[in-house]
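Only one structure is covered here, and it is reproduced in the block below.
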Amino acid sequence: MYAILNKNGLCEYYNLNNAPGTNLQKELRTDKFLFLDDKNIQQKLIEFQNKEQTHITFYLPQIHCSSCLYLLEHLHRINSNIISSRVNFPAKEITIVFNDQKITLSKVAALLSSVGYEPYISLHDLEQKKPAFPKSMIYQLGVAGFAFANIMLLSFPEYLGFEGDEKQLQSIFRVLNIILALPVLLYSSQPFFESAWKGLRNKFLNIDAPVALAILITFFRSLYEVYHGISAGYFDSMTGIVFFMLVGRVLQNKTYQQLSFERDYTSYFPIAVTRITNDAEQPVALPEVKVNDTLLIHHDEIIPADGILTRGKALIDYSFVTGESIPVVKEMGEIIYAGGRQTGSNIELLTIKEVTQSYLTQLWNKKGDKTIGEDQKSFVHALSRWFTWMVLALALAGALYWSFSDSVKAWNVITTVLIVACPCALLLSNSFTNGNIIRILSKHKLYLRNAQVIEDMAGIDHIVFDKTGTLTSADKQDIEFTGEPLTKTQEQLISTLASQSTHPLSKALVQHLGRTRNLSVHNFREIPGRGIEGLIQHQKVVLGSSPIAQQEQDNRTKVHAVINDEYLGYFVFSNHYRSRLEPLVKDLKKEFQLSVISGDSDAERNHLQTIFGNKAQLLFKQQPHQKLDYIKQLQLHKHNVLMIGDGLNDAGALQQSNVGIAVAEDTNNFTPASDAVLDAKQLYLLPKFIKLCRANKQIIMAAFILSIVYNVVGLFFALQGILSPLVAAILMPSSSISILLITFGSSSVMGKVLLPKGDAKT
């Protein structure tokens with residue numbers, strides 16, 4: 001076997017970095033997907049598009065294991081025009097970013113088909129439920145089941161033995177077994193052969209390869225024995241292998257369907273948008289946003305749905321979508337895609353698409369800017385990379401050993417090893433358990449970007465808090481103005497400028513003064529940590545700290561007001577700290593080092609020191625770059641840092657930290673720099689969130705150990721020739737489903753213990 005593999009250059013399947021595989025573009029049959037090049041159809045499917053890249057999400061019902069993830073997330077190795085590809089395993093979806101100047105959408109779909117993953121595309125029922133699995137698999141299962149049952153029936157006399165005239169029936173039954181086995185080989189086994197072959201074409205050895213090899217060996221060995229009159233062969237085992245493997249695939253799909261981990265952010269994401277109805281502003285939840293709604297988008301808010309710009313000048317930062325930080329200018333009448341962030345003054349959009357859960361989810365699930373080094377990757381990746389080679393080596397070694405003493409047993413050994421050692425359970429337990437933990441945390445309003453955040457949270461030892469909007473509540477502020485009484489016009493100017501910002505102090509100020517929509521803001525500018533300014537009715541308005549207002553400040557939290565270079569006075573804010581803050585800090589102090597870092601004055605240092613204790617470090621008057629530097633210093637001292645901020649002025653610190661959590665308080669202010677978003681009302685549950693992440697690691701390790709024990713025990717009996725191929729075919733899918741159910745059950749129990757239902761309703 002090694003000689004064959006080596007001769008054909010198939011010994012470097014996984015070294016895609018060095019051998020990127022054959023470019024299949026010339027071989028692709030694209031006519032099947034030519035309809036995807038129609039502009040009207042593309043408008044319904046494409047999620048984002050500019051001159052450099054296009055984003056599309058396809059549903060791939062064929063996804064079933066970690067090898068699928070590995071191949072699909074390395075499409076750029078096969079075709080360089082694919083910029084990136086990311087798989088949402090539970091949803092069986094892939095989001096592909098490609099250059100439409102060099103490769104068409106139809107060719108992207110054809111490329112997926114060429115590697116064994118034909119996308120499911122139904123323009124007629126885009127909003128309907130997608131099929132859990134292809135109907136063809138049901139037909140293949142039926143054929144395999146029919147053949148398996150009848151071959152077992154026809155083989156029964158063979159087991160009892162033929163005598164006399166009955167010998168004539170022996171040959172007839174054997175021929176009938178061959179006839180029944182052929183549809184199983186040529187039709188029912190098709191998913192395994194296609195997957196294995198297309199993987200090999202792209203120099204990739206997936207876990208279907210050993211299964212396909214076992215089917216072929218069993219069939220042709222049986223054919224050889226029937227032809228030479230040795231025995232009836234093992235057609236019952238061969239058809240049984242296919243039948244039970246297909247049963248396992250169907251049950252696995254059903255399990256995923258019932259235990260769905262689809263994160264519907266439009267249902268429970270802690271953000272709201274402002275809808276304008278009859279000149280009145282009304283905050284609404286994302287699911288309530290419909291086509292033809294007019295949305296008011298503030299400065300620094302994310303565009304929740306595709307829309308046409310109807311008022312104002314948009315300056316959109318698409319770094320969340322494309323990674324490009326240079327803002328894009330949009331004029332009235334132009335389409336603005338969801339996912340961009342408005343960096344100028346307020347704008348109004350007329351929505352042309354509803355908020356789609358899939359796109360918001362894909363945006364959030366995108367890999368962040370933090371790169372994971374090889375040393376940080378889970379050993380699962382290394383295991384999945386080499387496990388199939390280990391199985392082939394063991395099968396070959398076992399066959400060689402028994403070939404000297406019992407050739408019949410040698411064939412049994414090689415077939416059984418190829419089946420029983422399939423690493424499905426071992427490789428799926430990780431993603432399945434992480435998916436359930438993400439689902440549990442989401443119910444309690446902590447929304448993680450991806451599963452890696454779980455592992456990172458389990459390893460933190462230092463927690464850094466922002467103050468304003470994090471430890472304090474934005475909707476409970478006592479505000480007093482010091483200076484000459486403001487005129488009605490001045491209040492309108494100040495309120496209009498403040499309404500452009502989503503900063504907690506700005507929001508509180510708008511609530512205090514009252515909101516107005518009739519005034520337009522030009523040349524709006526926000527300086528993080530300092531303030532905001534803009535031109536309103538030809539008057540320059542400045543709000544912020546004393547460096548912008550050019551006035552001295554004391555230790556109280558103030559917002560100074562300047563109109564046309566005339567200093568009017570300042571607003572004094574009295575902070576209202578969140579409920580349950582003291583018990584939260586008390587719990588955290590037992591295990592973690594704590595810090596508070598704020599851009600405000602140190603007027604409340606003594607109060608915070610009383611809560612956090614003398615060991616906690618409290619830093620005030622910190623600019624965004626100083627917060628970032630502080631995180632770096634902690635990491636230089638080998639600390640794993642969790643940063644919790646409001647997501648506005650803390651983007652750099654959130655991104656730099658090992659885990660960055662943006663606290664949201666019913667506003668569209670989460671940032672792509674963060675790794676998670678937490679509903680502000682659930683901040684008190686932070687210690688339990690961390691404990692659950694740590695428990696998740698233990699559950700995964702237990703699942704791995706259990707899976708390894710299964711494989712070792714199975715291989716022990718298989719290498720001795722004790723285990724039959726048919727029994728191995730039953731045990732393999734059974735183990736996968738049992739491991740998945742165990743991990744799901746364990747993680748669910750831990751979730752109920754640490755996070756009771758009452759906490760989710762708080």
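Since every read-out is calculated from the coordinates, none of them should be taken as a lab result. The shown structure was predicted, so the numbers you read here are calculated from the model rather than taken from an experiment. Every residue, glycine among them, receives a Cβ derived from its backbone with ideal geometry; neighbour counts consider all protein chains shown.
As a rough guide to protection, the peptides 189-196, 537-544 ranked by mean Cβ packing within 10 Å, highest first, stand as 189-196, 537-544. Kindly identify region 478-574 as rounded, prolate or oblate by the Cα gyration tensor criterion: order the square roots of the eigenvalues as a ≥ b ≥ c, call it rounded if a/c is under 1.5, otherwise compare a/b with b/c, prolate if a/b is larger, else oblate. Rounded is the answer for region 478-574, as its axis ratio a/c remains below 1.5.
Going 7 Å from the Cα of H522 toward and past its Cβ, which residues in region 328-345 have a backbone nitrogen under 18 Å from where you end up? Answer for this model: 330-332, 344-345.
Judged by the mean number of other Cβ atoms found within 10 Å, the most tightly packed of the peptides 612-621, 679-688 leads the ranking 679-688, 612-621.
Judged by the gyration tensor of its Cα atoms, with axes a ≥ b ≥ c, region 487-536 is oblate; a/c meets the 1.5 cut and b/c is at least as large as a/b.
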